[in-house]
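The values are calculated or read from the model by the stated rules, or taken from the named source; none is laboratory data. Values in this document were obtained by computation on a predicted structure and should not be read as measured data. When we count neighbours, we look across all protein chains shown, and the Cβ atoms used for this are built from the backbone with ideal geometry, even at glycine.
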Amino acid sequence: MAQKGHWQRAAAGLLRQLTQELGRETLRRLQQKDPRKHGLLALGWLGSGVAGALLAGQEGLPWLWPVGVALLGLFAFNGTVLLHEVLHGLVFPQRRPGWERALALLYSAPCGISPSQFTRWHLDHHAELGDPQADPKRHHLSPKRNLRWVKVLYWTPALFFIYFRAAAREAKTYEAPLRRQILKERVGFTALHLGLAATLVASFGWGVWLRLHALPLFVAFPVWFALNRLGQHYAIDPQDPAQWGTLMVRSPYLWDLLFLFSNYHLEHHYFPGVPAYNLPKLRQALEGFFSRRGMRPRTYRSLLYDWFVRNCPPHANWQEDVLVG
């Protein structure tokens with residue numbers, strides 16, 4: 001039998017406790033998949049893209065261009081959130097490989113990420129959560145130097161260089177068929193984006209291309225990506241597996257909508273079989289557990305302050321470990 005990953009070994013008792021806390025019937029209900037609800041998330045995602053394109057593409061109200069660019073960047077980022085639902089098998093009650101493959105390609109297209117690599121990368125992240133080396137997300141994508149200017153790079157177009165260099169390094173450990181699939185997807189999406197850029201420039205000019213394609217992808221997307229990731233595994237307690245993710249303040253009318261419930265990242269790691277639209281209910285059911293454990297929820301504003309002003313290091317207890325540089 002293959003050895004379990006670091007997370008399963010470290011958190012086995014915790015997961016039993018959490019299951020008992022919820023009750024098996026409640027957990028079963030929370031894990032039910034409803035394609036209609038996923039469809040509503042997808043429609044909202046598409047709607048944000050259309051709204052962003054209309055605002056960024058119009059000429060009459062230039063002051064609305066930044067709003068459109070921000071929405072299009074969020075559209076590109078939230079494609080990865082929906083892709084995340086697909087790779088965990090959270091769209092249909094039973095797996096449907098053909099439909100899931102089509103959705104994975106659709107959701108990956110706006111940012112050009114390889115869905116095959118994202119799937120392998122993310123599932124390895126789940127299995128090895130807590131291991132600084134075996135968790136590819138932590139090993140490759142977290143700043144190695146706790147310097148503010150290094151941290152800022154993750155909020156800029158430099159993110160693409162950081163990510164694709166990390167992805168290439170990790171891909172060297174994959175089997176040959178998967179590497180070929182990843183390469184095929186990257187080439188295809190690169191061609192798609194180059195074709196889109198050429199079409200927009202030829203048809204509408206450089207300004208429209210900048211607002212509809214370049215700025216959303218290379219300026220707005222990194223900001224949404226970095227902000228979302230800040231609320232995942234940076235402010236943690238390394239000694240307590242229950243706190244290997246960041247507990248975020250519930251925000252049903254802001255971050256739940258903007259991030260399509262991906263702000264409940266800690267709860268997702270507890271029970272990755274719960275679809276995104278049920279994560280707020282899971283969070284509510286676990287409030288007693290969090291309270292007894294003394295776990296205090298964080299806001300994105302407080303995380304930004306600790307990350308940049310206090311210069312706290314990643315994957316550390318920010319109540320204790322502060323390195324100012």
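Out of the residues in the range 100-137 that are within 30 Å of residue 317 (Cα to Cα) and of a type in the set (Lys, Arg), which is farthest from the chain's Cα centre (by Cα)?
120
From the list 63, 45, pick out the single residue that is touching a residue at least 12 places away in the same chain (Cβ under 8 Å), of a type in the set (A, V, I, L, M, F, W, C) and either out of contact with any Cys (no Cβ under 7 Å at 6 or more places or on another chain) or surrounded by fewer than 18 Cβ atoms within 10 Å (Cβ to Cβ) (or both).
Values: 63 fails: touching a residue at least 12 places away in the same chain (Cβ under 8 Å).
Only one candidate passes the filter, namely 45.
Kindly provide the set of residues from the range 16-32 that are in contact with a helix residue (DSSP H, G or I) (Cβ under 9 Å, 6 or more places away or on another chain) and within 28 Å of residue 96 (Cα to Cα), ordered by number.
Residues satisfying the conditions are 19, 26, 27, 29, 30, 31, 32.
Which ones in the range 91-110 are crowded, with 20+ Cβ neighbours inside 10 Å and aliphatic (A, V, I, L, M)?
Hits for the range 91-110 are 91, 103, 104.
Taking into account only those residues within the range 285-306 that are in contact (Cβ under 8 Å) with a residue 12 or more places away in the chain and more than 25 Å from residue 128 (Cα to Cα), which is surrounded by the fewest Cβ atoms within 10 Å (Cβ to Cβ)? It would help to see each step written out before you state the result.
Filtering the range 285-306 down to residues in contact (Cβ under 8 Å) with a residue 12 or more places away in the chain leaves 285-286, 288-290, 293, 295-300, 303-304, 306.
Narrowing the set further to residues that are more than 25 Å from residue 128 (Cα to Cα) leaves 285, 288, 299-300, 304, 306.
Values: 285: 18, 288: 10, 299: 13, 300: 19, 304: 12, 306: 18.
Here the answer is 288.
So how many residues does the range 145-189 have that are surrounded by fewer than 17 Cβ atoms within 10 Å (Cβ to Cβ), in a loop (DSSP other than H, G, I, E, B) and within 20 Å of the chain's Cα centre (by Cα)?
Residues in the range 145-189 being surrounded by fewer than 17 Cβ atoms within 10 Å (Cβ to Cβ), in a loop (DSSP other than H, G, I, E, B) and within 20 Å of the chain's Cα centre (by Cα): 2 in total.
Would you check which residues across the range 298-325 are at pLDDT 95 or above and either in contact with a Lys or Arg (Cβ under 7 Å, 6 or more places away or on another chain) or assigned to a helix (DSSP H, G or I) (or both) and list them?
300, 301, 302, 303, 304, 305, 306, 307, 308, 309, 311, 315
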